[in-house]
Amino acid sequence: MLAQQLVNGLTLGAVYTLIALSFSLVMGILGVLNLAITELFMLGGYFGFTVIMAHLPLPLALAAGMAGAALVAIVIEKLGYQPFRTAPVVTPMLSTLGFSIILQNVVTNVWGSDPLQLADEVLTQRYTLGGVSVSAMQLTVMGATIVLVAALAFVVQRTSMGRALRAVAENRDVARLLGVSASRITLIAFMLSGALAGAAGVLIGLHYAAITPYIGVEIGLKAIAVMVIGGTTRIWGALIAGPLIGVLEVMTVAYGGSQVRDFVVYGFMILILLLRPQGLLGGSRSDQGQRV
Amino acid sequence: MTSHWSKALWAAGLGATLAVAVALPAGAQTAEIALGAIVPSSGPFAEWGRANTVTLQLLEKQVNDGGGINGAKLHIVILDDATKPAQATNNLRKLSGDDHVLAVAGPLTSSAAEVTFPVANEMKTVATSQASSKPGVAKLNRPWAFRNTIDEGVLGRTAVPYFKKTFSIKTVAIIFDAKDATAAAVGGRIMPALMKENEIEVVNTDPLSFNTGDLDVSAQVTKMKALNPDGVVVSADYSQAVTVLREMKRQGMIKPVVGSTQLISSAILKAAPEIPVIAPATFYATMKGDKPEKFVAELQPLLRKTAGLPPEIEPSMYDANIYEIASIYIAAIKASGATGKPEDLDADRTKIRDYMAKLEGFPGLGGPIGFNDDGDAIKAFYVLQGQNGAWDSKVRGCSAAPGHPGC
Amino acid sequence: MMSTYYAGLLADVGILLLGALSVYIILATGQLSLGNAGFMGIGAYITSYLTVIAGVPVTLALVIAAVAAGAIGVVVGFPALRLKGIYLAMATLGFGEMVRSFFLNLGAMGGSEGFHGMHHISLGYIWSWAAAILLLIVILERSRVWLDMRAVRDDETAAGLVGLNATTIKVGAFGFGAAVAAISGGLFAHHHVYIEPGNFSFERSIDFVLAVILGGSTVGPGALVGAALLVMLPEYLRFLAEWRFAAFGALLVAMLLLRRQGLLDRATFRAFASRRAA
């Protein structure tokens, strides 16, 4: 059973990694907690389901989810972040909350509050290796996570756009002095994080094959914990922290009690915040947030 | 130009005055009887609230087309509690204090009922829940609180022996939603006791649970699978139970499942059609009989036409329950001679309460209805088996109580 | 004679006001707490235990609960010193979730099945507490204490150089805020006469913050305006039926866009106050 639980933990970890990454893209560069990301994740899932239920192929579903979520992310950036650039950080956070309320309501009205289920699941072939059973969809989720993280890391570390992103994260004013269009970069950050959340929604939605307008809520808070544990500004941090927390959670359920699961996860997050606030993979301690 | 406009204005003004003149005395003559309802039209149970609304509107139309209640027109004021208990309490205050309703149908969830029933007692207005089944909620709030549902413990007493016999169950694992009060009560207390009564061993020594909203229950299901029970108790609302059943299917754990009324839905039949699901219900859409078939035939097309509801929707147990509640109120008003006049408000409300406390053999959709001393319904129920996309009725039971006639 | 519907709404406003004030107090020292629902829950459960099981009169129970929660707030305040900005916010979020999980597992107080038995308190009683604490804060705002808190918020290093003990001030604010949130919880428990862990979730913590930010984050009475707004607005939007919450979200964003310091700020408050005096 231990090996199977590890696989469960890694799959859950992939979910956390993708959403944590979406949070940290905006958090690391702009210092803002975008509470609408969990709803962009949910929205991506619904777009993906709509495509799959129309018997169109998986890559199209992925594209639809990413594009749809990225578009909504642009709206949120224009109305929910741009106007509050100079305001204390709590204000844009609350305005993204407003957007998440709107999104939940709209999705409930369009698709209903009951679970939307896939009649035929996607990629259901199962592979068994020494008592451990894993499905093709699960492998796709884990594989896609690694690919997306690597792609993001490449963009951030090796491309000029990535350099611009890091420059704005470091010091917005200096970056502008050096010719970086800070507002364009901000928009790109939001779009990327939206697309990532949307991709997560499609992949994860298809794996679990049943979604409701509220799937983002519970998982979002844990993803924030994962982001903190990995290090809010480190992309690879999310890749390590996600599976770590996923496995921790699964093991708590398997060997401890499923009741104390939340206690353990948030307790661990607080411990990390107190002992090593820059996160497991974080850099120097000066990576601290600005005044609230 | 001006003459056209001024002529039009004169005509409009005259028309309006005439309309008012005609309407006023007519308004003064038509008496109105108001009933209230509290349903969750937004939030995670939005579908139930919206379906309930359509059901009540159907009843209102049926009653008014049939001449109203002793000539007075029926008006059902429906308020949304957004699945937030605090809003439900304020809704009751508004319905009772401002809208002067004679009785209230709702609230739906047990969490809302727990805080709204005390207010019903404070406002001396009957409130009857259409879905709350957490044990003891009405009992703690007599005499003004009622529930047109059956305590899960009573239902389980018939469902579990059927489950045991049909699938030769000697061992079970119990998994429940720890964040949902009703599911936790059933999964943590009631089912373990029922298992013991039926000599079924519970193989998981520590409780197996998850939280409402969790997408991933793979760890819990893997643990259950390793224990290899004959059957599984899933105590959760069906939106969550769907997640558990799908995970069981994914991991190849095809074992029969038993649960509470919370499982009853069409959604759960789609989750894992090969897994048999046993759950009790007081009504289901394919029920046979004059009354239920007529009800479904009238309600289903209306539901399917409503924006925001899925096209394959069927009338649910909660629609049937709220229809019965409102019908009971109407019967109470007719039988006890409640007038609906403002000066008789307190007396009318008391009459309704007394009528319900003594109620026996009211013709409900699934059989006769009465209320026991705890305020819960005495009515027939059915143990349903859901498999391969359909519910099948297997056993008929009755929640009869000592000192009251049966079904 | 007030309609009981409005009485019910006013009770909700009073309870939310106290929760909002608990966030406001802590925010005044530059710390954002997203976990005050945890302190509210602690207050609710302790007060309920005292009145139902130990037979203590409700006023005394509230005081005891406030002191206990305050102590826990101080304990939380110390490690909080190491964190700033959004990191502190996230730690408090984690704290709030841990408290909720704790009560979910506390069988002695009902766990997820909730706890009953409290007796009902009147609207007047709720507002006696709410008004008293609001008044206390308005008075404190004009005193040296608040000046010190603002100094710490604006520049901790400079405040230290001037001789202020930032530690005492920041930790003290946590304790004070926790105590006020506990009173909100105790009043909530005795107004609804039933509590369950789900009442004290992240959503509640966010409501407190929302009330402060919308109503006015720079003056105490801003919390009152925000609380009233958050309770009344969903009621007035009922005519929008199933689009009620989308409209609420949109209004939220609009309000922040139009007036980000909140509806009430120091200038408006002074104008209002001086008009009353004249």
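Values in this text are rule-based calculations from the coordinates and carry no lab data. What you see is a predicted model, and the numbers here were worked out from it, not measured in a lab. Backbone-built Cβ (ideal geometry, glycine too); neighbour counts: all protein chains shown.
Straight-line cross-link reach from B:LYS394 at under 19 Å between alpha-carbon atoms covers these aspartates and glutamates, not counting any fewer than eight positions away in the same chain: B:GLU152, B:GLU274, B:GLU293.
Distance from the alpha carbon centroid of segment C:190-205 to that of segment C:1-26 works out to 14 angstrom.
Taking GluC sites (Glu not before Pro) that fall in a DSSP loop and have at most 15 other Cβ atoms within 10 Å as cut points, what is the longest piece of chain B between them? The partial results should precede the final answer.
Numbers: sites that count: B:GLU199, B:GLU274, B:GLU312, B:GLU360.
My reading of the result: B:1-198 is the longest stretch.
Partner shielding of C:94-106 amounts to 6, given as the average count of beta-carbon atoms from other chains within 10 Å of each residue beta-carbon. Report summary: the helix-based calculation at 222 nm, which adds -39500 (n - 2.57) for every DSSP H run with n ≥ 4 and divides by the residues of the protein assembly as shown, gives -20000 deg cm²/dmol. Computed over chain C, relative contact order equals 33 percent, with contacts defined as Cα pairs under 8 Å that lie 6+ residues apart. Protection proxy ranking of A:148-157, C:47-56, by the mean of other Cβ atoms within 10 Å over each peptide's residues and highest first, is C:47-56, A:148-157. Of B:LYS179/B:LYS351; B:LYS139/B:LYS170; B:LYS84/B:LYS139, which pairs sit farther than 28 Å apart, going by alpha carbon to alpha carbon? Violating the 28 Å Cα-Cα cut-off are B:LYS179/B:LYS351; B:LYS139/B:LYS170.
When each full DSSP H helix of chain C is screened for a Cα extent of at least 30 Å along its own axis and an average Kyte-Doolittle hydropathy of at least 0.5, the helices passing are C:4-27, C:58-80, C:85-105, C:166-192. How big is the gap, in Å, between the Cα center of segment C:57-131 and the Cα center of segment C:247-273? Centre-to-centre distance over Cα atoms comes out at 28 Å. Remark: mean inter-chain Cβ contacts per residue of A:266-276 equal 5, using a 10 Å Cβ-Cβ cutoff to other protein chain atoms.
Taking a straight line from the alpha carbon of A:LYS222, these aspartates and glutamates sit under 17 Å away, with near neighbours fewer than eight places off in the same chain left out: A:GLU39, A:GLU249, A:ASP262, B:ASP214, B:ASP216, C:GLU97, C:GLU203. How much net charge surrounds B:VAL115 when only the other residues with a Cβ under 12 Å from the Cβ of B:VAL115 are counted, with Lys and Arg +1 and Asp and Glu -1? Within the 12 Å Cβ shell, the charges total -3. Only Lys, Arg, Asp and Glu carry charge here, each on its Cβ (+1 for the first two, -1 for the last two); on that basis segment A:21-212 has a dipole of about 680 debye about its Cα centre.
Suppose every K and R has +1 on its Cβ and every D and E has -1 on its Cβ; what is the size of the dipole of the protein assembly as shown about the Cα centre, in Debye to the nearest 20?
Working: 72 positive and 66 negative charges, 402 e Å.
For this selection, approximately 1940 debye.
Between the C-alpha center of segment C:156-187 and that of segment B:297-327 there is a gap of 54 Å. Shielding value for B:226-238 is 1, the average number of Cβ atoms from other chains within 10 Å of each residue's Cβ. Distance cut-off 23 Å, Cα to Cα: go down the list B:LYS61/B:LYS341; B:LYS124/B:LYS334; B:LYS73/B:LYS94; B:LYS223/B:LYS249; B:LYS73/B:LYS358; B:LYS73/B:LYS341 and report the pairs above it. Violating the 23 Å limit, Cα to Cα: B:LYS73/B:LYS358. Positive-end ranking of A:GLY48, B:THR282, B:ASN321 along the dipole of the protein assembly as shown, with charges on Cβ about the Cα centre, is headed by A:GLY48.
For segment A:21-212, the relative contact order comes to 44 percent (Cα pairs under 8 Å, sequence separation of at least 6).
Seen against the Cα atoms of chain A and their longest principal axis, helix A:58-76 is set at about 30 degrees.
Long hydrophobic helices in chain B, taken as whole DSSP H segments with a C-alpha length of 27 Å or more on their own axis and mean Kyte-Doolittle hydropathy at least -1.0: B:2-29, B:46-65, B:317-336.
Each label was represented as a point 7 Å from its Cα along the Cα-to-Cβ direction; for B:ASP346 and B:LYS61 these points are 3.9 nm apart. Straight-line cross-link partners of B:LYS291 among the lysines, defined as a Cα under 17 Å from its Cα and at least 8 positions apart when in the same chain: B:LYS379.
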